[in-house]
Amino acid sequence: MAEINKTRPSERDGKRFWTSDVEAIIAIMVVLLILGMINVFSASFIFAEAEFDSPYFFLQRHLINVFVGAIAFGVTFYFDYHIWRKWIAIILIFTIISLIAVLIIGPVVNGARRWLPLVIFQFQPAEFAKLVSIMIAASYISLKVKKAQELDFFTVQMVIILIIAALTELEPDLGTASIILGIPILMLIVSGLDKNKILRLMGFGFVGVVLMILRAPYRLERLKITYDPWSDAQNYGYQTVQSLSAIGSGELTGMGLGVGVSKYDYLPEAHTDFAFAIFCQENGFLGAIFVFMLFSAFAFYAARIANRAKDEYGQSLAMGIMLLIVGQAIANMLMVGGMTPVVGIPLPFISYGGTSLIVTMASIGILVNVAKHGEHKPEKQQQT
């Protein structure tokens, strides 16, 4: 005779380390924030003292960004995640206007226009565009999945995302543009995009890569040098060589906090894109593995939140946020480790970056809001 198994999930699964997925995600975020604050100061205090007469210049700004990020997290955690779907048109208009404005009035830094100077800090529209592209893709995917309709790449929503990515590439910022376009594509593939359409996408992707190289030939040199950075160690391969030297010198346990030597004007962007190299130098292989495990745990719990979301939109949104944060972490680690060309993708929480950190924390606020609404989703009855 069939009977309902009334044992609670916690009793069936045994003792759990976290009481909920929300607790796990928040705890991981806090640990990464603490590691990031320590690493930003350690990686930047030499440069900050030399350029701004204060070793705490970047740390102070990073702490302000953490504070603003905490507010963003609180706001997105408080509001029901469905509200972003209702406001998507206004959010999209703001994003496109910001991306156009930065190309016109944004200050040129290292040959690129990527920031809009505001009263308190510099706003980077492309970082915000990453989250907006996920919202657009999640809205489209959830609608198709709910109606059991076939997914496609050639849609109005994907064209809009492509326009956002193109505006970002014009800054130029190919790394961020790749994230803006790449994450929605991954969301489509994970959600069940037809295999033939995936093959067509690969073909279009190849053509796109060729066009990007033709637009800026130095990208081909960066691609070539990835396989042997020492062949041009003083030019295109310089950052990769210095990064690998920093990582290797950390050995198992690292040189110790603040002791790493690569920040002494050897490794460019030591506190931003290559902050993880300094982290590895000072904390060693064990420290690197710890960060890798934190992002792996984040991926696991974020995937569970997506799986337990109460509707298709929550599932797609949570999945996109997980792919965004973990995807950037993987891309940065591969770049710092010399396995991919050098592109401007920061390591979430560990790298210095105002808008990037704020958007990341806002994204996690949305993620835990999805989890909060999915906690009371009734489980299927099990029969014995």
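The values are calculated or read from the model by the stated rules, or taken from the named source; none is laboratory data. In this text, all values refer to a predicted model and were calculated from it rather than measured experimentally. Positions of Cβ are generated from backbone atoms using ideal geometry, with glycine treated the same way; all protein chains shown enter the neighbour counts.
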**Request:** Return a yes/no flag: does the range 308-323 have any residue that is in a loop (DSSP other than H, G, I, E, B), out of contact with any Phe, Trp or Tyr (no Cβ under 7 Å at 6 or more places or on another chain) and at positive phi.
**Result:** no
**Message:** What's the number of the only condition in (1) in a helix (DSSP H, G or I); (2) touching a Lys or Arg at 6+ places or on another chain (Cβ under 8 Å) that residue 330 fails to meet?
**Reply:** (2)
**Prompt:** Under 7 Å by Cβ, and 6 or more places apart or on different chains, what pairs join a residue from the range 17-35 that is acidic (Asp, Glu) with one that is not in a loop (DSSP other than H, G, I, E, B)?
**Reply:** 21/301; 21/304; 21/305; 21/371
**Asked** Can you pull out the residues in the range 242-263 that are exposed (fewer than 14 other Cβ atoms within 10 Å of the Cβ) and charged (D, E, K, R)?
**Response** 251
**Message:** Residues that are under 23 Å from residue 175 (Cβ atoms), at least 2 per element: which helices (runs of 4 or more DSSP H) completely within the range 69-155 meet that?
**Reply:** 88-105, 125-146
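Please pick out the residue among 279, 290 that is closer than 28 Å to residue 259 by Cβ, of a type in the set (A, V, I, L, M, F, W, C) and surrounded by fewer than 19 Cβ atoms within 10 Å (Cβ to Cβ).
Step by step, each of 279, 290 is checked, and only 290 is closer than 28 Å to residue 259 by Cβ, of a type in the set (A, V, I, L, M, F, W, C) and surrounded by fewer than 19 Cβ atoms within 10 Å (Cβ to Cβ).
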**Message:** Can you tell me which residue is nearest to residue 236 (Cα to Cα) among those in the range 181-220 that are part of a loop (DSSP other than H, G, I, E, B) and not hydroxyl-bearing (Ser, Thr, Tyr)?
**Reply:** 217
**Message:** What's the total number of residues in the range 37-67 that are assigned to a helix (DSSP H, G or I), without any contact (Cβ under 8 Å) to a residue 24 or more places away in the chain, more than 15 Å from residue 349 (Cβ to Cβ) and not aliphatic (A, V, I, L, M)?
**Reply:** 5
**Item:** the range 78-123: number of residues that are closer than 16 Å to residue 369 by Cβ and of a type in the set (D, E, K, R)
**Value:** 3
**Item:** Candidate set from the range 196-241 (those that are without any contact (Cβ under 8 Å) to a residue 12 or more places away in the chain and β-branched (Val, Ile, Thr)); member that is surrounded by the most Cβ atoms within 10 Å (Cβ to Cβ)
**Value:** 213
**Message:** Suppose the filter is at pLDDT 95 or above, within 15 Å of the chain's Cα centre (by Cα) and not in a loop (DSSP other than H, G, I, E, B); does residue 296 pass it?
**Reply:** yes
